[in-house]
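The values are calculated or read from the model by the stated rules, or taken from the named source; none is laboratory data. These numbers were taken from a predicted model, which means no experiment stands behind them. Cβ placement follows ideal geometry from the backbone for every residue including glycine, while neighbour counts extend to all protein chains displayed.
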(Lines give C-alpha, C1' and ligand atoms only; values in the text may rest on other atoms or scores of the structure.)
Protein backbone atom coordinates (compact mmCIF):
# COMPACT_ATOMS: atom_id res chain seq x y z
CA UNK A 1 0.00 0.00 0.00
CA UNK A 2 1.05 3.59 -0.44
CA UNK A 3 1.64 3.69 3.30
CA UNK A 4 5.02 2.28 2.44
CA UNK A 5 5.83 5.42 0.45
CA UNK A 6 6.06 7.42 3.66
CA UNK A 7 6.19 5.70 7.01
CA UNK A 8 8.05 2.68 5.69
CA UNK A 9 10.60 4.77 3.84
CA UNK A 10 12.90 5.46 6.76
CA UNK A 11 13.27 1.76 7.41
CA UNK A 12 15.14 1.38 4.13
CA UNK A 13 18.27 2.83 5.69
CA UNK A 14 18.27 0.02 8.23
CA UNK A 15 19.23 -2.57 5.65
CA UNK A 16 17.69 -4.59 2.89
CA UNK A 17 16.35 -7.19 5.29
CA UNK A 18 13.85 -4.81 6.85
CA UNK A 19 12.85 -3.38 3.48
CA UNK A 20 12.06 -6.82 2.08
CA UNK A 21 10.02 -7.82 5.12
CA UNK A 22 7.95 -4.66 5.02
CA UNK A 23 7.44 -4.79 1.27
CA UNK A 24 5.98 -8.27 1.71
CA UNK A 25 3.80 -7.05 4.54
CA UNK A 26 2.10 -4.35 2.53
CA UNK A 27 1.64 -6.47 -0.60
CA UNK A 28 -1.87 -7.05 -1.90
CA UNK A 29 -2.82 -10.03 -4.02
CA UNK A 30 -4.78 -9.85 -7.28
CA UNK A 31 -5.70 -12.71 -9.61
CA UNK A 32 -3.02 -14.99 -11.03
CA UNK A 33 -3.46 -18.47 -12.52
CA UNK A 34 -1.60 -21.38 -10.90
CA UNK A 35 1.54 -22.47 -12.71
CA UNK A 36 0.24 -26.03 -12.97
CA UNK A 37 -3.14 -25.22 -14.54
CA UNK A 38 -4.42 -23.20 -17.50
CA UNK A 39 -5.48 -19.59 -16.84
CA UNK A 40 -8.91 -19.31 -15.27
CA UNK A 41 -11.56 -16.96 -16.60
CA UNK A 42 -13.23 -16.68 -13.19
CA UNK A 43 -11.37 -13.56 -12.19
CA UNK A 44 -12.19 -11.54 -15.28
CA UNK A 45 -15.90 -12.35 -14.95
CA UNK A 46 -16.24 -10.95 -11.43
CA UNK A 47 -17.26 -7.28 -11.50
CA UNK A 48 -15.42 -5.07 -9.05
CA UNK A 49 -17.70 -4.19 -6.14
CA UNK A 50 -19.78 -7.37 -6.30
CA UNK A 51 -19.15 -9.43 -3.14
CA UNK A 52 -17.47 -12.78 -3.76
CA UNK A 53 -19.07 -15.72 -1.98
CA UNK A 54 -16.67 -18.39 -0.76
CA UNK A 55 -17.63 -22.07 -0.80
CA UNK A 56 -14.97 -24.02 1.11
CA UNK A 57 -14.85 -27.80 1.14
CA UNK A 58 -15.28 -29.90 4.29
CA UNK A 59 -11.74 -29.09 5.45
CA UNK A 60 -12.26 -25.35 5.00
CA UNK A 61 -10.06 -25.12 1.89
CA UNK A 62 -11.30 -22.52 -0.56
CA UNK A 63 -11.04 -23.24 -4.32
CA UNK A 64 -8.11 -21.28 -5.86
CA UNK A 65 -10.33 -19.59 -8.45
CA UNK A 66 -12.48 -18.10 -5.67
CA UNK A 67 -9.39 -16.87 -3.86
CA UNK A 68 -8.11 -15.26 -7.03
CA UNK A 69 -11.46 -13.60 -7.67
CA UNK A 70 -11.59 -12.27 -4.12
CA UNK A 71 -8.01 -11.05 -4.18
CA UNK A 72 -8.50 -9.45 -7.57
CA UNK A 73 -11.19 -7.25 -6.08
CA UNK A 74 -8.95 -6.49 -3.11
CA UNK A 75 -6.23 -5.37 -5.50
CA UNK A 76 -8.61 -3.12 -7.41
CA UNK A 77 -9.70 -1.55 -4.14
CA UNK A 78 -6.10 -1.03 -3.12
CA UNK A 79 -5.39 0.82 -6.36
CA UNK A 80 -8.29 3.12 -5.52
CA UNK A 81 -6.95 3.61 -2.01
CA UNK A 82 -3.51 4.50 -3.34
CA UNK A 83 -5.00 7.28 -5.45
CA UNK A 84 -7.32 8.58 -2.75
CA UNK A 85 -4.69 8.52 -0.02
CA UNK A 86 -2.90 11.24 -1.97
CA UNK A 87 -5.78 13.54 -1.02
CA UNK A 88 -5.08 13.18 2.70
CA UNK A 89 -2.65 14.42 5.29
CA UNK A 90 -2.31 12.61 8.60
CA UNK A 91 -0.22 12.14 11.72
CA UNK A 92 1.91 9.08 12.37
CA UNK A 93 3.26 8.14 15.79
CA UNK A 94 5.96 5.50 15.92
CA UNK A 95 7.27 3.79 19.03
CA UNK A 96 10.49 1.88 18.47
CA UNK A 97 11.90 -0.47 21.09
CA UNK A 98 15.41 -1.79 20.53
CA UNK A 99 15.77 -5.21 22.15
CA UNK A 100 18.65 -7.14 23.62
CA UNK A 101 19.37 -10.79 22.90
CA UNK A 102 16.78 -11.88 25.47
CA UNK A 103 14.02 -9.75 23.99
CA UNK A 104 14.16 -7.14 26.74
CA UNK A 105 13.86 -3.44 25.86
CA UNK A 106 17.21 -1.67 26.10
CA UNK A 107 16.28 1.58 24.36
CA UNK A 108 13.09 3.28 23.20
CA UNK A 109 12.36 6.15 20.86
CA UNK A 110 9.08 7.84 19.93
CA UNK A 111 8.73 9.86 16.73
CA UNK A 112 5.61 11.76 15.71
CA UNK A 113 5.37 13.04 12.17
CA UNK A 114 2.93 14.85 9.95
CA UNK A 115 2.62 13.22 6.53
CA UNK A 116 2.06 15.73 3.76
CA UNK A 117 1.38 15.29 0.07
CA UNK A 118 3.53 17.65 -1.99
CA UNK A 119 3.24 17.54 -5.77
CA UNK A 120 2.03 13.96 -5.53
CA UNK A 121 4.88 12.89 -3.24
CA UNK A 122 4.37 11.73 0.32
CA UNK A 123 6.65 13.75 2.60
CA UNK A 124 7.26 13.28 6.29
CA UNK A 125 7.70 16.27 8.61
CA UNK A 126 8.86 15.35 12.09
CA UNK A 127 6.89 17.31 14.72
CA UNK A 128 7.81 15.64 18.04
CA UNK A 129 10.37 13.34 19.64
CA UNK A 130 9.47 11.23 22.66
CA UNK A 131 6.14 13.08 22.71
CA UNK A 132 7.86 16.46 23.16
CA UNK A 133 7.74 19.23 20.53
CA UNK A 134 10.87 19.83 18.50
CA UNK A 135 13.22 22.62 19.45
CA UNK A 136 13.12 25.75 17.30
CA UNK A 137 16.30 24.63 15.54
CA UNK A 138 14.98 21.16 14.84
CA UNK A 139 11.66 22.52 13.60
CA UNK A 140 13.45 24.88 11.24
CA UNK A 141 15.42 21.98 9.76
CA UNK A 142 12.18 20.15 9.07
CA UNK A 143 10.63 23.25 7.50
CA UNK A 144 13.72 23.78 5.38
CA UNK A 145 13.49 20.18 4.19
CA UNK A 146 9.89 20.70 3.11
CA UNK A 147 10.72 23.98 1.37
CA UNK A 148 13.54 22.33 -0.59
CA UNK A 149 11.13 19.70 -1.87
CA UNK A 150 8.61 22.37 -2.87
CA UNK A 151 11.29 24.40 -4.66
CA UNK A 152 12.61 21.33 -6.44
CA UNK A 153 9.18 20.41 -7.74
CA UNK A 154 8.50 23.99 -8.84
CA UNK A 155 11.68 23.94 -10.94
CA UNK A 156 11.02 20.52 -12.39
CA UNK A 157 10.68 20.53 -16.18
CA UNK A 158 7.88 18.68 -17.96
CA UNK A 159 10.42 16.20 -19.31
CA UNK A 160 11.90 15.52 -15.88
CA UNK A 161 8.43 15.14 -14.43
CA UNK A 162 7.48 12.67 -17.16
CA UNK A 163 10.62 10.61 -16.50
CA UNK A 164 10.00 10.64 -12.76
CA UNK A 165 6.40 9.50 -13.13
CA UNK A 166 7.43 6.79 -15.60
CA UNK A 167 10.02 5.54 -13.13
CA UNK A 168 7.43 5.46 -10.35
CA UNK A 169 4.97 3.62 -12.58
CA UNK A 170 7.62 1.08 -13.54
CA UNK A 171 8.37 0.45 -9.87
CA UNK A 172 4.65 -0.04 -9.15
CA UNK A 173 4.38 -2.49 -12.04
CA UNK A 174 7.32 -4.50 -10.70
CA UNK A 175 5.62 -4.62 -7.31
CA UNK A 176 2.39 -5.70 -8.97
CA UNK A 177 4.14 -8.55 -10.80
CA UNK A 178 5.59 -9.68 -7.51
CA UNK A 179 2.30 -9.76 -5.64
CA UNK A 180 0.50 -11.47 -8.54
CA UNK A 181 2.09 -14.66 -7.29
CA UNK A 182 0.60 -14.62 -3.82
CA UNK A 183 -2.57 -16.51 -4.80
CA UNK A 184 -0.39 -19.24 -6.29
CA UNK A 185 2.19 -19.35 -3.50
CA UNK A 186 -0.30 -20.21 -0.72
CA UNK A 187 -3.09 -22.59 0.05
CA UNK A 188 -5.88 -20.57 1.64
CA UNK A 189 -8.37 -21.93 4.13
CA UNK A 190 -11.48 -20.09 5.24
CA UNK A 191 -11.39 -19.76 9.02
CA UNK A 192 -14.82 -18.20 9.02
CA UNK A 193 -16.61 -14.86 9.17
CA UNK A 194 -15.62 -12.33 11.82
CA UNK A 195 -16.84 -8.88 12.77
CA UNK A 196 -13.93 -6.45 12.83
CA UNK A 197 -14.56 -2.85 13.89
CA UNK A 198 -18.26 -3.37 13.27
CA UNK A 199 -17.83 -4.74 9.73
CA UNK A 200 -18.29 -8.28 8.41
CA UNK A 201 -15.08 -9.85 7.16
CA UNK A 202 -13.82 -13.11 5.72
CA UNK A 203 -10.84 -14.53 7.64
CA UNK A 204 -8.46 -16.53 5.44
CA UNK A 205 -5.44 -18.46 6.63
CA UNK A 206 -2.57 -18.98 4.22
CA UNK A 207 0.10 -21.68 4.31
CA UNK A 208 2.91 -22.02 1.74
CA UNK A 209 1.87 -24.31 -1.11
CA UNK A 210 4.14 -27.37 -1.40
CA UNK A 211 5.99 -27.51 -4.70
CA UNK A 212 5.34 -23.87 -5.55
CA UNK A 213 7.81 -22.56 -8.12
CA UNK A 214 8.11 -18.73 -8.13
CA UNK A 215 8.08 -16.89 -11.44
CA UNK A 216 9.14 -13.42 -10.30
CA UNK A 217 12.46 -12.37 -8.86
CA UNK A 218 12.34 -12.39 -5.09
CA UNK A 219 9.03 -14.26 -4.91
CA UNK A 220 10.75 -17.30 -3.44
CA UNK A 221 10.61 -15.62 -0.02
CA UNK A 222 6.83 -16.05 -0.04
CA UNK A 223 7.33 -19.66 1.01
CA UNK A 224 8.96 -18.35 4.21
CA UNK A 225 5.74 -16.80 5.55
CA UNK A 226 2.38 -17.90 6.84
CA UNK A 227 -0.49 -15.81 8.14
CA UNK A 228 -4.04 -14.61 8.08
CA UNK A 229 -5.84 -11.93 6.11
CA UNK A 230 -9.17 -10.29 6.97
CA UNK A 231 -11.14 -9.11 3.92
CA UNK A 232 -14.16 -6.82 4.23
CA UNK A 233 -17.06 -8.66 2.64
CA UNK A 234 -18.91 -5.56 1.44
CA UNK A 235 -15.89 -3.75 0.01
CA UNK A 236 -13.70 -6.72 -1.02
CA UNK A 237 -10.89 -4.85 0.75
CA UNK A 238 -8.23 -6.40 2.94
CA UNK A 239 -8.44 -4.72 6.35
CA UNK A 240 -5.97 -6.69 8.44
CA UNK A 241 -2.86 -8.79 7.87
CA UNK A 242 -1.09 -10.98 10.41
CA UNK A 243 2.12 -12.55 9.05
CA UNK A 244 4.87 -14.64 10.63
CA UNK A 245 8.19 -15.74 9.18
CA UNK A 246 8.36 -19.54 9.52
CA UNK A 247 11.97 -19.87 8.42
CA UNK A 248 15.13 -17.78 8.21
CA UNK A 249 15.28 -15.68 5.05
CA UNK A 250 18.68 -15.02 3.47
CA UNK A 251 19.20 -12.78 0.45
CA UNK A 252 21.31 -10.10 -1.15
CA UNK A 253 24.84 -9.73 -2.49
CA UNK A 254 25.80 -8.56 0.98
CA UNK A 255 24.25 -11.35 2.99
CA UNK A 256 21.28 -10.27 5.07
CA UNK A 257 18.98 -12.44 7.13
CA UNK A 258 15.55 -12.15 8.65
CA UNK A 259 15.27 -14.75 11.35
CA UNK A 260 12.40 -17.14 11.91
CA UNK A 261 9.66 -15.68 14.08
CA UNK A 262 9.56 -12.15 12.65
CA UNK A 263 5.95 -11.04 13.09
CA UNK A 264 3.93 -8.27 11.46
CA UNK A 265 0.34 -7.05 11.99
CA UNK A 266 -1.22 -4.36 9.79
CA UNK A 267 -4.70 -2.89 10.27
CA UNK A 268 -6.64 -0.42 8.13
CA UNK A 269 -9.61 1.80 8.91
CA UNK A 270 -12.30 3.31 6.69
CA UNK A 271 -12.10 7.10 6.45
CA UNK A 272 -14.91 9.39 5.25
CA UNK A 273 -16.71 6.32 3.95
CA UNK A 274 -14.57 6.49 0.81
CA UNK A 275 -11.10 5.08 1.46
CA UNK A 276 -9.25 2.54 3.60
CA UNK A 277 -6.17 3.99 5.26
CA UNK A 278 -3.58 2.73 7.77
CA UNK A 279 -4.69 2.52 11.37
CA UNK A 280 -2.10 0.42 13.17
CA UNK A 281 1.11 -1.42 12.31
CA UNK A 282 3.16 -3.53 14.68
CA UNK A 283 6.12 -5.73 13.96
CA UNK A 284 8.89 -7.54 15.77
CA UNK A 285 12.05 -8.07 13.81
CA UNK A 286 15.24 -10.01 14.38
CA UNK A 287 17.55 -9.45 11.44
CA UNK A 288 21.22 -9.40 10.62
CA UNK A 289 22.83 -7.42 7.81
CA UNK A 290 26.22 -8.20 6.28
CA UNK A 291 26.78 -10.70 9.11
CA UNK A 292 27.89 -7.74 11.19
CA UNK A 293 24.96 -5.72 12.48
CA UNK A 294 21.92 -7.10 14.27
CA UNK A 295 18.52 -5.46 14.32
CA UNK A 296 16.24 -6.63 17.13
CA UNK A 297 13.30 -4.27 17.28
CA UNK A 298 9.69 -4.08 18.33
CA UNK A 299 7.97 -1.25 16.48
CA UNK A 300 4.42 0.09 16.69
CA UNK A 301 2.96 2.71 14.37
CA UNK A 302 -0.41 4.40 14.83
CA UNK A 303 -2.09 6.79 12.39
CA UNK A 304 -4.63 9.51 13.15
CA UNK A 305 -6.03 12.92 12.22
CA UNK A 306 -6.76 12.11 8.60
CA UNK A 307 -7.69 15.33 6.81
CA UNK A 308 -8.66 15.88 3.21
CA UNK A 309 -5.94 17.89 1.53
CA UNK A 310 -7.16 21.12 -0.04
CA UNK A 311 -5.46 22.23 -3.22
CA UNK A 312 -5.55 25.81 -2.00
CA UNK A 313 -3.72 24.88 1.20
CA UNK A 314 -0.45 26.76 1.51
CA UNK A 315 2.47 25.17 3.29
CA UNK A 316 4.55 27.82 5.00
CA UNK A 317 7.95 27.70 6.63
CA UNK A 318 9.23 29.44 9.71
CA UNK A 319 9.73 33.14 9.06
CA UNK A 320 7.63 33.22 5.87
CA UNK A 321 5.30 36.18 5.68
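Here are some notes:
- Count - residues of the range 178-205 that are over 27 Å from residue 273 (Cα atoms) and either assigned to a loop (DSSP other than H, G, I, E, B) or at pLDDT 90 or above (or both): 3
- Scope the range 254-274; condition assigned to a strand (DSSP E or B) and at pLDDT below 90; matching residues: 256, 257, 258
- Remark: pairs (first residue in the range 177-199, at negative phi and surrounded by 14 or more Cβ atoms within 10 Å (Cβ to Cβ); second residue in a strand (DSSP E or B) and at pLDDT below 85; Cβ separation under 9 Å; 6+ apart in sequence or on different chains) = 187/61; 188/61; 189/61; 190/61.
- Taken as a whole, the structure places residue 137 among residues that are over 30 Å from residue 269 (Cα atoms) and either surrounded by 13 or more Cβ atoms within 10 Å (Cβ to Cβ) or free of Cβ contacts under 8 Å to residues at least 12 places away in the same chain (or both).
- Meets criteria (crowded, with 18+ Cβ neighbours inside 10 Å and within 19 Å of the chain's Cα centre (by Cα)) for residue 92: yes
- Yes/no for residue 111 being out of contact with any helix residue (DSSP H, G or I) (no Cβ under 6 Å at 6 or more places or on another chain), over 26 Å from residue 295 (Cα atoms) and free of Cβ contacts under 8 Å to residues at least 60 places away in the same chain: no
- Condition broken by residue 106, with the remaining ones in (1) in contact with a strand residue (DSSP E or B) (Cβ under 9 Å, 6 or more places away or on another chain); (2) assigned to a loop (DSSP other than H, G, I, E, B); (3) at pLDDT 75 or above satisfied: (2)
- Residue ID - farthest from the chain's Cα centre (by Cα), chosen from residues in the range 230-253 that are at pLDDT below 90 and surrounded by 20 or more Cβ atoms within 10 Å (Cβ to Cβ): 249
- Being over 23 Å from residue 305 (Cβ atoms) and either in a strand (DSSP E or B) or within 25 Å of the chain's Cα centre (by Cα) (or both) is true of residue 172.
- Residue match in the range 217-229 (condition: touching a strand residue (DSSP E or B) at 6+ places or on another chain (Cβ under 9 Å), modelled with pLDDT of 85 or more, surrounded by 15 or more Cβ atoms within 10 Å (Cβ to Cβ) and closer than 30 Å to residue 120 by Cα): yes
- Of all residues in the range 109-125, those that are surrounded by fewer than 16 Cβ atoms within 10 Å (Cβ to Cβ) and touching a strand residue (DSSP E or B) at 6+ places or on another chain (Cβ under 6 Å) total 2.
- Considering the range 206-230, the residues that are assigned to a helix (DSSP H, G or I) and touching a residue at least 12 places away in the same chain (Cβ under 8 Å) include one that is nearest to residue 268 (Cα to Cα), namely 222.
- Residue in the range 231-240 that is free of Cβ contacts under 8 Å to residues at least 12 places away in the same chain, part of a loop (DSSP other than H, G, I, E, B) and within 20 Å of residue 74 (Cα to Cα) present: no
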